[in-house]
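S.K.: Pasting in a structure now, in structure tokens, and then I'll have a few things to ask.
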Amino acid sequence: MKTRRNFIKLSALGGAALVTTSCLSSDKDKSAIKTTQKTIKPIVISTWIHGMKANKAAWKVLEQGGKAIDAVEKGVMVVESDADNQSVGLGGLPDRDGIVTLDACIMDESNRCGAVACLQNIENPIAVARKVMDDTPHVLLVGEGALQFAKEKGFKPINLLTEKSKKDWEAWKIKSKYQPIINSENHDTIGMLALDADGNLSGSCTTSGMAFKLHGRVGDSPIIGAGLFVDNEVGAACATGMGEAVIRIAGSAIVVELMRNGMSPNKACKTAVNRIIKKHKDLTNLQVGFIALNKNGEFGGYSVYNGFNYAVYSKSQNEMVDAAFDRNW
Ligand code: ASP
């Protein structure tokens, strides 16, 4: 099956080198919890090709000794504000009723977290999620309440539906008769994980979710433990792909727990993907990918199908990594 992701041409990587292995640590490495002298920091990793420019923005914060939590917020905001990106923020594909609804969450080194779901008309949901974390005793605000909160915090409502996304929705309506399709073409999310110079981890995750979804549908991306999880003693993980499948196994929390028990980031992602495969009889169109980063700055990624990649910025170099995978489309 052809996917939007498969269409990503290597030429789009610009000057970046394409790395085909997917982690720095050996699967035999049991030292994920201990920070060693060899710790690679700062480092930031994020999902898909749009991770390249997101990493660049995050790196600006990290290279100046800034905090991981600020890096992961600033990083993904670049992708949210890109009107040409149809899977995140402004320009995101709408639900089946033509309404753009956004989901995002953020988590820091102290297990503080904030999230918004089904948020309309706000370009940078990650910044609203950050405010939920910083300024309220809550973790998750949804729908109208999230929008009201955003306005109170000074965010300006705008129209998020671009002409292009509107046209794509209109074309979809004719063919699909308002039945939301669940397949590989309707996904993409930016999830970002960073380890700062002080050795602290944070993460962020933001998406417009499944294209042409039922109005009100929320996937894994704003759910702490599913789309994103950070434990500063161990590591961090985030997910992309079919959110329902990720929620069913508490995906990102599982990846972090597997690292806690000694697995490398790569092996932990692979084990979580295998669990998804085991729990789902029908894997048609069920793409899920995880990325993970541990306390030592070691990273990894794994997906159900080929085609998933992520961007890694460390030691002043930003490059794409092809994730290992279980099967070919
Ligand atoms: N995980 C997101 C969701 O299910 C979408 C994606 O990653 O493509 O909403």
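S.K.: Hey, can you tell me all the residues within the range 90-110 that are hydrophobic (A, V, I, L, M, F, W, C), in a loop (DSSP other than H, G, I, E, B) and at pLDDT 95 or above?
M.R.: Selection gives Ile99, Val100.
S.K.: A further question on this structure: Which ones in the range 120-145 are aliphatic (A, V, I, L, M) and touching an Asp or Glu at 6+ places or on another chain (Cβ under 7 Å)? Walk me through it before giving the result.
M.R.: Residues of the range 120-145 that are aliphatic (A, V, I, L, M), as a first pass: 122, 126-129, 132-133, 139-142.
Across the range 120-145, the qualifying residues are Ile126, Ala127.
S.K.: Among the candidates Ile224, Ile190, which residue alone is open to solvent by 10 Å² or more (accessible area, probe 1.4 Å) and closer than 28 Å to Asp70 by Cβ?
M.R.: Ile224
S.K.: Say we look at the range 163-198 and pick out the residues that are in a loop (DSSP other than H, G, I, E, B) and in contact with a Gly (Cβ under 6 Å, 6 or more places away or on another chain); which of these is modelled with the highest pLDDT? Let's see the steps before the verdict.
M.R.: Residues of the range 163-198 in a loop (DSSP other than H, G, I, E, B): 177-183, 187-189, 196-198.
Narrowing further to those that are in contact with a Gly (Cβ under 6 Å, 6 or more places away or on another chain): 187, 197.
Numbers: His187: 57, Ala197: 97.
If we take residues in the range 163-198 being in a loop (DSSP other than H, G, I, E, B) and in contact with a Gly (Cβ under 6 Å, 6 or more places away or on another chain), then Ala197 is modelled with the highest pLDDT.
S.K.: Moving on to the next point. Give me the pairs: first residue in the range 44-64 and acidic (Asp, Glu), second residue outside any helix (DSSP H, G or I), beta-carbon distance under 8 Å, and six or more apart or on different chains, which are they?
M.R.: Glu63/Pro42; Glu63/Ser316
The values are calculated or read from the model by the stated rules, or taken from the named source; none is laboratory data. Since we're looking at a predicted model, the values are computed, not measured. Positions of Cβ are generated from backbone atoms using ideal geometry, with glycine treated the same way; all protein chains shown enter the neighbour counts. Ligands, DNA and RNA are stripped out before the accessible areas are found, and what is left, the full protein with its side chains, is counted by its heavy atoms. Shrake-Rupley method; radii C 1.70, N 1.55, O 1.52, S 1.80 Å.
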